[in-house]
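A short write-up of the structure that comes next.
The values are calculated or read from the model by the stated rules, or taken from the named source; none is laboratory data. What you are looking at is a predicted structure, and each value in this text was computed from that prediction instead of being measured. Counting neighbours? That spans all protein chains shown, and the Cβs are built from the backbone with ideal geometry, glycine included. Heavy atoms of the whole protein, side chains included, go into the accessibility calculation; ligands, DNA and RNA do not. Shrake-Rupley method; radii C 1.70, N 1.55, O 1.52, S 1.80 Å.
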Amino acid sequence: MKKLSLPGLLVLVVRRDLVLAMRRRADVLTTLIFFVMVVSLFPLGVGPEMDMLRKMASGVLWVAALLSSMLSLGRLFSADYLDGTLEQMMLAPQSLSMLVLGKMVAHWMVSGLPLVLMAPVLGVQFDMSANALGVLILSLLLGTPILSMVGAIGAALTLGLRGGGVLLSLLVLPLCIPVLIFGTGAVEAISAGLTVVPHMSLLGALLLLALVFTPWVTAQALRISME
Amino acid sequence: MSLDVWMRENPLTYIWLGSYAVAFLVFAVEVAMVIHKRKITLRQVRLMRDAGGEE
Amino acid sequence: MAINWFKYSAPTTFYGLAGKLIPWFAIPAVILCGISLYIGFAVAPVDAQQGEFYRIIFIHVPASILSMFLYMIMAGYAALGLIFNTRLSSMMASAMAPTGALFAFISLWTGALWGKPMWGAWWVWDARLTSELILLFLYLGFIALHASIDDPRRADRASALLAIVGSVNVPIIYFSVKWWNTLHQGSTIKFSGTSMHIAMQQAMFTMLAACWMYAIVMTLMRVRSIILERERHTKWVTELPEVQQ
Amino acid sequence: MQVEGENGSGKTSLLRTLCGLMMPADGKIFWRGEDIKEADEEYYSEMIYLGHLNAIKDELSALENLCISAGVDGLEVDERQALQVLRRLGLKGREALPVKVLSQGQRRRVALSRLLVSDAALWILDEPLAALDVRAVDLMQELIAEHLEKNGMVIFTTHQPLLVPGVELRRLSLS
């Protein structure tokens, strides 16, 4: 019998979660619809002046992305926890961190990537310039994976708790503030005619840090929660 | 604004009422809560012991 | 078996030790607080720029310092508890959290009161105030997570992990907020803008010492309750004089 | 080895502790002379655990479930082999259906199929016979006998009598 290599395992877990998400498409769509709705509510709340909306756009899109990624985090581990699959993952001879990383990647592809793809359409609603839009997409592309990864820690810690969803947001949102700041900062910089390199490199650095540490931390959190 | 004027005329009252009184109130509430918590815990422990003794 | 002895009887001995230590910190805390208020209001002169209002810093600065240090110490204890599985350190961590959160609250409150006469607004999105607010959120998250898990062991371990992640994040948050603030041309008035009079320093440091003592007293008192609660099934608890009566 | 005991006597806890899902309050668990905390990877590649929960996904078919759970165990299973295993467990013709349309007993069989593709020496089974019919119980006995013949070990809990031909079961009673 052939043993599965680590990258093979990663691909397997990602593919599994993607197939599952595809068979339960409603969940993916609700997150996306939530994102679109929150963003569309802002002009209704603050008025239709284009100047103000253009200024707010990056902040609104980022906060909405943050909130909608919170929404889907609760499901990250809970389904696997309830049907016993998570138990099996903990007993797998491979490193749990790798399996967790796979789940994070899949979560991002299901709940983060659609937001990134949707962002240009919403940005146009806010009359963003093409430059700013490009930077916004790039910053979301770098930033949303961090949200999924940091969020996974919270999801693992609140696994199986009552009121887990609200608690999860309470734990994770403060930790996501730097991502929000650098993400929106980049868009503001390009609008002001400045370079976006420092913002992007900081976001990239955060992404690398998250990539290195969060799978392991999440695995530890899962072990604590499953005991 | 009247508060602004009042605040500039009575800075010390403002400081005392606004900051120090609030801070010491917070401390007092915390102390009271901790003492209350200790009382409750002691009562619980006694109840546990009495219940255990009867068994 | 030395380690085992340490592990299992530490809360037992610590309970008595903490009880004996409390008055030794409580009384100096009150005395130092009194001294600080005397120096701060009777000795220290009026500040040329800020008038009487600067006197808020005698409580504001110690509260801010305490809230930050307590978070770090809490994370340290939590890490000890998580790595070495020592129960007492986890209890210490959870005993410190409410005090730290209250200090963060006091710091925010007094900061706002200082801001009103200085900046003309109760709340300014100043880097330090904003980080303090986020710190308060981190405390609340820790407390909420601990409170919502029924099994004490899982609660200790889960919130310990959160505290560690939070403490790694605190510098990143502080840096990002500071950066964000300079980007938006925030307020530039600073406490240390003018050179501090020696009496002002004395008042602040005595208050800082008083706050440390106070925090220690609160932590010890709370940890005693936690020990009693966790160990209520054991024999030594039922044999305590305060339980016997 | 069969673990017996009343409801709540700690059978499941014992099995969960044995596979490292729970930490023992005291003492250590050894596998081939090594603490399982240290022999992490070796132990888990030689052990397979089947709990109360089937650990299968409702949305996936039996075939997909088997391939993925084997993958998580670190094994690559080709389709032909997987189909063979499922057929042996009496799931012929239902391999491609999503598991949510299957009955409880059939789902249990899907969960059991993991045992057949694994080369683990130690099987830890919690109530393997739950929801299984008489024929499946016979099959289970057969499987255990085969596994024992290959010098395997099985630790299981059950409320039903399980007779493995030609083998004296060791019994552990918790009370």
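Observations, loosely collected:
- The charge dipole of chain A, taken about its Cα centre with unit charges on the Cβ of Lys, Arg, Asp and Glu (plus for the first two, minus for the last two), comes to roughly 640 debye.
- Rounded to the nearest 20, the Cβ-based charge dipole of region D:33-175 about its Cα centre (Lys and Arg +1, Asp and Glu -1) stands at 880 debye.
- For the chain pair A and C, buried accessible area totals roughly 2400 Å², probe 1.4 Å, rounded to the nearest 100.
- Computed on the Cα atoms alone, the convex hull of region A:79-227 gives a volume of 110 cubic angstrom per residue.
- Among A:Thr195, A:Ser95, C:Ala155 the positive-end extreme of the charge dipole of the protein assembly as shown (Cβ point charges): C:Ala155
- Karplus (6.51, -1.76, 1.60) ³J(HN,Hα), θ = phi - 60°, over region D:155-164, in Hz, Gly and Pro reported as x: 10, 9, 10, 6, 9, 9, x, 10, 9, 9
- The C:Trp236 and A:Leu141 beta-carbon pair, evaluated with R₀ = 45 Å, returns a calculated FRET efficiency of approximately 0.15.
- Across the options B:Leu25, B:Val5, B:Thr41, the greatest Cα extent toward the positive end of the charge dipole of chain B (unit charges at beta carbon of Lys, Arg, Asp, Glu) belongs to B:Thr41.
- Charge dipole of region C:90-245 (Cα centre as origin; +1 on each Lys and Arg Cβ, -1 on each Asp and Glu Cβ, all else neutral): 220 debye, rounded to the nearest 20.
- With a Förster radius of 35 Å applied to the beta-carbon distance between A:Leu29 and A:Leu211, the computed FRET efficiency rounds to 0.80.
- When the C-alpha to C-alpha distance is required to be over 29 Å, the pairs from B:Lys37/C:Lys178; A:Lys55/C:Lys178; B:Lys39/C:Lys20; B:Lys39/C:Lys116 that qualify are B:Lys37/C:Lys178; B:Lys39/C:Lys116.
- Heavy-atom accessible area per residue - region A:68-227, 1.4 Å, Å²: 33 Å²
- Between C:Ala63, C:Ile27, C:Met92, the Cα set farthest toward the positive side of the dipole of chain C (charges on each charged residue's Cβ, about the Cα centre) is that of C:Met92.
- Exposed trypsin sites (Lys or Arg not before Pro) absent: longest stretch of chain A, with sites in DSSP loops and at most 16 other Cβ within 10 Å deemed exposed: A:25-161
- For the pair A and D, the buried accessible area comes to roughly 2800 Å² in total, with a 1.4 Å probe and the value rounded to the nearest 100.
- Separation between Cα centres of region A:3-42 and region D:101-175, rounded to whole Å: 36 Å
- Carbon + sulfur, % of accessible area of chain A - ligands and nucleic acids excluded, 1.4 Å: 74 percent
- Amide H contacts of D:Met153 (H built 1.01 Å from N, under 5 Å, at least 5 apart or other chain): D:Leu122, D:Trp123
- Efficiency of FRET from Cβ geometry, B:Thr13 and A:Leu194, R₀ 51 Å, rounded to 0.05: 0.60
- Residues whose amide H falls under 5 Å from that of D:Ser61, counting only those 5 or more places apart or on a different chain, are D:Val99, with hydrogens built in the peptide plane.
- Between D:Leu172 and D:Ala96, the modelled labels are 4.4 nm apart [label points 7 Å from Cα along Cα→Cβ].
- Computed from backbone phi, the HN-Hα couplings of region C:199-207 come to 5, 4, 4, 4, 4, 5, 6, 5, 5 Hz, rounded to whole numbers (Karplus: 6.51 cos²θ - 1.76 cosθ + 1.60, θ = phi - 60°; Gly and Pro given as x).
- Model label points for A:Leu67 and D:Gln104, set 7 angstrom from Cα along the Cα-to-Cβ axis, are 4.3 nm apart.
- Within a Gaussian network of chain A (alpha carbon springs, distance under 10 Å), most fluctuating of A:Ala26, A:Ala64, A:Ala106: A:Ala26
- Karplus-derived HN-Hα couplings along region C:142-153 (A = 6.51, B = -1.76, C = 1.60, θ = phi - 60°), whole Hz, x at Gly and Pro: 4, 5, 5, 5, 4, 6, 8, 9, 6, 6, x, 5
- Taking a point 7 Å out from the Cα of D:Thr17 in the direction of its Cβ, the residues of region D:125-162 whose backbone N falls within less than 17 Å of it are D:125-126, D:155-157.
- Distant-in-sequence amide contacts of D:Leu172, defined by a placed amide H-H separation under 5 Å and a gap of 5 or more residues or a different chain, comprise D:Gln2, D:Val3, D:Glu4.
- Global form of the protein assembly as shown, assessed from the alpha-carbon gyration tensor, a/c cut-off 1.5: oblate
- Within chain D, the longest run free of exposed loop sites, counting trypsin sites (Lys or Arg not before Pro) that sit outside DSSP helix and strand states (H, G, I, E, B) and have at most 16 other Cβ atoms within 10 Å, spans D:93-149.
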